[in-house]
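The values are calculated or read from the model by the stated rules, or taken from the named source; none is laboratory data. Worth saying up front: this structure is predicted, and the values here are computed from it rather than measured. Quick reminder, even Gly has a Cβ in these numbers, built from the backbone with ideal geometry, and neighbours come from all protein chains shown. Ligands, DNA and RNA are excluded from the accessible area calculation, which covers all protein heavy atoms including side chains. Shrake-Rupley method; radii C 1.70, N 1.55, O 1.52, S 1.80 Å.
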Amino acid sequence: MLRGGVRLLVIAIIAVGCGGGGQSVFEMDVGMCFDDVDVDEVTSVPTVDCSEPHDNEVFDIFDYTEAEYPGQEAMNDAAQQLCIDEFEAYVGITYQESELEVFAITPTAQSWEDGDREIICNLYNLDFSKLTGSMRGAAR
């Protein structure tokens, strides 16, 4: 399924690293909008007012509760499912019916050692076009 292939590709890129300049990923909030960046490790993202065109929107943040770091692939898989499970509550339509895609910013092995357990669920347009306005309750 093309949609699944795109999702896995984006997760791998984000987990390995895409970040830089702007809002620290450790201080992101649900409802925050931001643009893509292209660097080696997620540390910060350029925020954008959600009323302006933007690439992504944070729709959930939670702590991963496992005692040990599961490895990056297992972390990505778990985060992806957790984000999909919370998608409808934010957007107002099921993930399967939506034209939006999800990706997660997850702890790396190094950040896990530093106490990072936060998974940040984000959404974007499946066709990679810019979003305008918040997707909270947008049912699209």
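Brief remarks follow.
- The chymotrypsin sites (Phe, Trp or Tyr not before Pro) of the range 110-140 that DSSP puts in a loop, and whose beta carbon has at most 12 other beta carbons within 10 Å, are PHE128.
- Nearest-10 value in Å² for the accessible area of ASP63, using the 1.4 Å probe: 100
- Here the spin labels are modelled as points 7 Å beyond Cα on the Cα-Cβ line, and at PHE62 and ILE84 they lie 1.5 nm apart.
- Direction-averaged projected area, Cα convex hull, the range 57-140: 5.6 nm², rounded to one decimal.
- Modelled label positions at ARG140 and ASP38, each set 7 Å beyond Cα in the direction of Cβ, lie 2.6 nm from each other.
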